[in-house]
Amino acid sequence: MLPDSDFKKLTAPESIALVGVTSRTGRGSNSALEVLLKRGYKGRIYPVNPKGGEILGCRAFTSLLEVPEVPDLAVICAPRDAVIELFKQCAAKGVKIVIIVAQGFFDGDEEGILMQQELLDIAAKNGIRVLGPNTLGIVNNYHNFCTSFIDFINPIKPIGITCQTGTFYLGASQLCTGIGILVDSGNTTDISVTDVIGHLARDPRLKVINIHMESLSDGTRFMEAAKDAAALKPVIIYKTGSTPAGSLAASSHTGKLSGEDRVFDAAFKQCGLLRVADAEEMGDLSKAFCTFNGIKGNRIGIVSISGGAGVMAADACIRFGLEIAVPTKATLEQLEVLFPKWAHCTNPMDMWPAAMFHGYQNCYRRILEAFLQDPQVDAVICMTGSFLTTDEDFLDVSGDIREIAGKYPDKPVVVSSCGNNYRYYEEELEKDNTVAYYFTLERAARALAALYKYHHLIKKKVRRHKELVLPHRQSGDAARLLAGKTGNLSQDDALSLLEAYGIPVARWGRAENIGEALALANKIGYPVTMKIVSPDIIHKSDVGGIRLNIENSRQLEEAFSAMYAEIEQKQPGARLSGVIIQEHLPSGIELLLGCKRDPVFGPVLAFGAGGIFTEILNDISLRIPPLSREEAREMIEETKVSKMLKGARGVKAVDMDLLINCLAALSELVLKNSAISEIDLNPLLAFDGRVAALDARVILA
């Protein structure tokens, strides 16, 4: 993370050099100096242009070396071909924070890649931190500071934003509803979201953090910073590039099930981030967090102009995990006097029948206030009409809703309307920042659900998990088993590796011939299972390499001969190194426990339904270790198979602590042994009082 002093120089510098700034002014000039002056920046500005002279009343220096002080920040505004020379001037001057605007480096041709590497080398040698290239830089509306060369609509809102595209920079008023402080990391050569998110979260002027992310290089560092930030402020993240085309191919079950975006999704969830599907959702959630300080619970009252709209609102609430509030008897008795006898006075409340007798504004005020006074209502969704023109709108209750909502700041009020005059209603309702308007009821419910999720689930969970890390263990046997090996680990080495870290394995032994196999079976005790050992066979069941429930020595001899014959027919030439003889366990719940090493986040644990239908069922949850015991339990409970583990349909419940211990052991195994690329325990059999791995596949880098 950037030191506090560097972050201040980046986002609120007292002096700035605009290196290579244009001497053109006026419309279409693309002058960063003109934008900076127009915004009212009060710091010292040093334009640098080889022509010198004066630009917009400011002395222009022909070289950065002529500037009378070392500026806090330098912005290189020149085209790509001039950047390296100007960057060298920054190094010679002693500037420690530099923004590079130009494109065409890592995102360009071979020459651009070499140029960017040269920039990195110079930066490393001189201790320079770099934002960009390919960035518009910084917006700090609290200091009237903006490094963009394009002027744009820039409303101030208590939102911290970090993004990787100028679209979010210039379109923040639409995409995020406004800006407090914004950092555009561009190509993220050096300064990234990881460096700035903590500073944004600790800024008391900001109420919510927005992240737009295209890529990430160091997942572990990011997760540490993101967890700390989410414990302080709601953090909303919009990750693009999430389609299946970006997923990683792998040969194991775990690899197939843990494509790139699923890993990002698991990491974001683990950090307590609110992931959104699109920019619209980001704006909706940002508005909610900017408007409301919290929400007491998830019980929602619904006041509607129509019964149908009330049903729509109720459906949306349930879909997003909210509850329909049950008003107290006193509340309903208070409101029943407004309704004709045939009308239903309940929640959702269709207030139109009451309005026909007692006036629309009068009824809306009384119903909304009664709901907000009710201790069993935590927030209210309002639906009203916006189908009349402003000068003829006798149903306008925007002022009434705003006034009443302002009296109950601890109970959020969100509004949607039907009709084309919704822009007027949005503007009127949000005047005092006490009400949030949404274009649809679904978006209104989604925003309330995000408020509840952050304040009642995420914030507490992130704080707890920081202190409940699973215990560490190490094994010297693992290093011996892995030393000097690559590719697929043999089955006996794989099972030994699990045992070395305390992962229970069904009793087993390796035999090179039928005589050794018979001796092992007698030692283990019938019934037994027999599996082929071969470096060439990945899925043993596909070639007849597994024989189950062998009950005596005669069956074992017959199975041994039949197995070798079938393999020779189905995969001729495969190298056969003997068999594994293993106790045949009674039926239980087949699980998958695995790990795949991700290029961004490192080891990624997978847990879910196992057996031969693993990929078809696709019932799996992911986490990035190390885990807390609570995270391990949540990981298990996310899956559908967890219902069976708890004892559904007559199946005896499994001891969850045994599974949590397996997750802990596997977590430590992969964290301590970086040579492991992928590992699958499939199946891991869970049954009454016991958990045991029957098979394991380990791939070494």
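The values are calculated or read from the model by the stated rules, or taken from the named source; none is laboratory data. Treat the numbers as computed from the prediction; the structure is a model and nothing was measured. Note that we place each Cβ from the backbone using ideal geometry, even for glycine, and neighbour counts take in every protein chain shown.
Condition test on ALA82, is it among the small types (Gly, Ala, Ser) and in contact with a Gly (Cβ under 9 Å, 6 or more places away or on another chain)? Even if it seems obvious, please write down each step before you answer.
Working: among the small types (Gly, Ala, Ser): yes; in contact with a Gly (Cβ under 9 Å, 6 or more places away or on another chain): yes.
Taking the combined requirement at face value, the residue satisfies it.
Scan region 642-650 and give yes if some residue there is under 17 Å from GLY610 (Cβ atoms) and under 27 Å from the mean Cα position of the chain (by Cα), otherwise no.
yes
Taking region 296-354 on its own, how many of its residues are out of contact with any strand residue (DSSP E or B) (no Cβ under 9 Å at 6 or more places or on another chain), touching a residue at least 40 places away in the same chain (Cβ under 8 Å) and of a type in the set (Phe, Trp, Tyr)?
1
If we scan region 112-120, do we find a residue that is of a type in the set (Gly, Ala, Ser) and not in a helix (DSSP H, G or I)?
No, that holds for no residue.
Mind checking which residues of region 81-100 are assigned to a loop (DSSP other than H, G, I, E, B) and touching a residue at least 60 places away in the same chain (Cβ under 8 Å)? Quick ask: steps written out before the conclusion?
Quick first cut of region 81-100, residues assigned to a loop (DSSP other than H, G, I, E, B) only: 94-96.
If the condition is that a residue be assigned to a loop (DSSP other than H, G, I, E, B) and touching a residue at least 60 places away in the same chain (Cβ under 8 Å), then VAL95, LYS96 are the ones that fit.
Can you pull out the residues in region 661-688 that are within 24 Å of VAL641 (Cα to Cα), of a type in the set (Gly, Ala, Ser) and in a strand (DSSP E or B)?
Within region 661-688, ALA686 is the sole residue that qualifies.
Would a scan of region 43-60 turn up a residue that is crowded, with 18+ Cβ neighbours inside 10 Å, of a type outside the set (S, T, N, Q), in a helix (DSSP H, G or I) and in contact with a Pro (Cβ under 7 Å, 6 or more places away or on another chain)?
No: zero hits.
Check region 106-123 and report whether any residue there is without any contact (Cβ under 8 Å) to a residue 60 or more places away in the chain and either basic (Lys, Arg) or under 29 Å from SER173 (Cα atoms) (or both).
Step one: of region 106-123, the residues without any contact (Cβ under 8 Å) to a residue 60 or more places away in the chain are 108-115, 117-118, 121-122.
Then drop every residue that is not either basic (Lys, Arg) or under 29 Å from SER173 (Cα atoms) (or both), which leaves none.
No, every residue in region 106-123 fails to be without any contact (Cβ under 8 Å) to a residue 60 or more places away in the chain and either basic (Lys, Arg) or under 29 Å from SER173 (Cα atoms) (or both).
Restricting to region 505-535, give me the number of residues that are farther than 13 Å from ALA559 by Cβ, within 50 Å of the chain's Cα centre (by Cα) and among the basic types (Lys, Arg). Please lay out each step first, then the result.
Of region 505-535, the ones farther than 13 Å from ALA559 by Cβ are 505-510, 512-513, 515-516, 519-520, 522-525, 533-535.
Of the ones still in play, those that are also within 50 Å of the chain's Cα centre (by Cα) are 505-510, 512, 520, 524-525, 533-535.
Remaining after also requiring among the basic types (Lys, Arg): 507, 510.
Final tally of qualifying residues: 2.
For region 196-246, which positions are in a loop (DSSP other than H, G, I, E, B), hydrophobic (A, V, I, L, M, F, W, C) and over 21 Å from PHE601 (Cα atoms)?
As a first pass, look at region 196-246 and keep what is in a loop (DSSP other than H, G, I, E, B): 203-207, 214-218, 231-234, 240-243.
Narrowing further to those that are hydrophobic (A, V, I, L, M, F, W, C): 206, 216, 231-232.
Once the filter is applied, which keeps residues that are in a loop (DSSP other than H, G, I, E, B), hydrophobic (A, V, I, L, M, F, W, C) and over 21 Å from PHE601 (Cα atoms), region 196-246 yields LEU206, LEU232.
Kindly provide the set of residues from region 609-636 that are at pLDDT 85 or above and either among the aliphatic types (A, V, I, L, M) or within 17 Å of LEU685 (Cα to Cα) (or both), ordered by number. Walk me through it before giving the result.
Start the filter on region 609-636 by keeping residues that are at pLDDT 85 or above, which leaves 609-610, 618-636.
Answer for region 609-636, where residues must be at pLDDT 85 or above and either among the aliphatic types (A, V, I, L, M) or within 17 Å of LEU685 (Cα to Cα) (or both): ALA609, GLY610, ASP619, ILE620, LEU622, ILE624, LEU627, ALA632, MET635, ILE636.
Within region 547-644, considering only helices (runs of 4 or more DSSP H) that don't extend past its boundaries, which have at least 2 residues that are outside the structural domain of LEU684 (by TED's automatic domain parsing), exposed (fewer than 13 other Cβ atoms within 10 Å of the Cβ) and out of contact with any Pro (no Cβ under 8 Å at 6 or more places or on another chain)? Steps first, answer last, please.
Values: elements: 553-570, 614-617, 629-637.
By residue number, 553-570.
Would you pick out the residues in region 585-616 that are among the aliphatic types (A, V, I, L, M) and in contact with a helix residue (DSSP H, G or I) (Cβ under 8 Å, 6 or more places away or on another chain)?
We begin by selecting, within region 585-616, every residue among the aliphatic types (A, V, I, L, M); these are 585, 589, 591-593, 600, 604-606, 609, 612, 616.
Residues satisfying the conditions are ILE589, LEU591, LEU592, LEU593, VAL600, VAL604, LEU605, ALA606, ALA609, ILE612.
For region 645-660, give me the residue count where each residue is part of a loop (DSSP other than H, G, I, E, B) and in contact (Cβ under 8 Å) with a residue 60 or more places away in the chain. Explain how you work it out, then say what you get.
Our first condition is that a residue be part of a loop (DSSP other than H, G, I, E, B); within region 645-660, this holds for 646-647, 651-655.
With in contact (Cβ under 8 Å) with a residue 60 or more places away in the chain added as a condition, the list becomes 651, 654.
Number of matching residues: 2.
Being among the charged types (D, E, K, R) and surrounded by 17 or more Cβ atoms within 10 Å (Cβ to Cβ), is that true of even one residue in region 656-666?
Here is the first cut: in region 656-666, the ones among the charged types (D, E, K, R) are 657.
From what's left, surrounded by 17 or more Cβ atoms within 10 Å (Cβ to Cβ): none.
Looking through region 656-666, none of the residues is among the charged types (D, E, K, R) and surrounded by 17 or more Cβ atoms within 10 Å (Cβ to Cβ).
Give the number of residues within region 273-294 that are part of a loop (DSSP other than H, G, I, E, B) and buried (at least 24 other Cβ atoms within 10 Å of the Cβ). Can you show your working first?
Applying the first criterion (part of a loop (DSSP other than H, G, I, E, B)) to region 273-294 yields 273, 276-278, 292-294.
After this cut, where a residue has to be buried (at least 24 other Cβ atoms within 10 Å of the Cβ) as well, the list is 273, 292.
Residues flagged as part of a loop (DSSP other than H, G, I, E, B) and buried (at least 24 other Cβ atoms within 10 Å of the Cβ) within region 273-294 amount to 2.
What's the number of the only condition in (1) in contact with an Asp or Glu (Cβ under 8 Å, 6 or more places away or on another chain); (2) under 18 Å from PRO683 (Cβ atoms) that LYS570 fails to meet?
Failed condition: (2).
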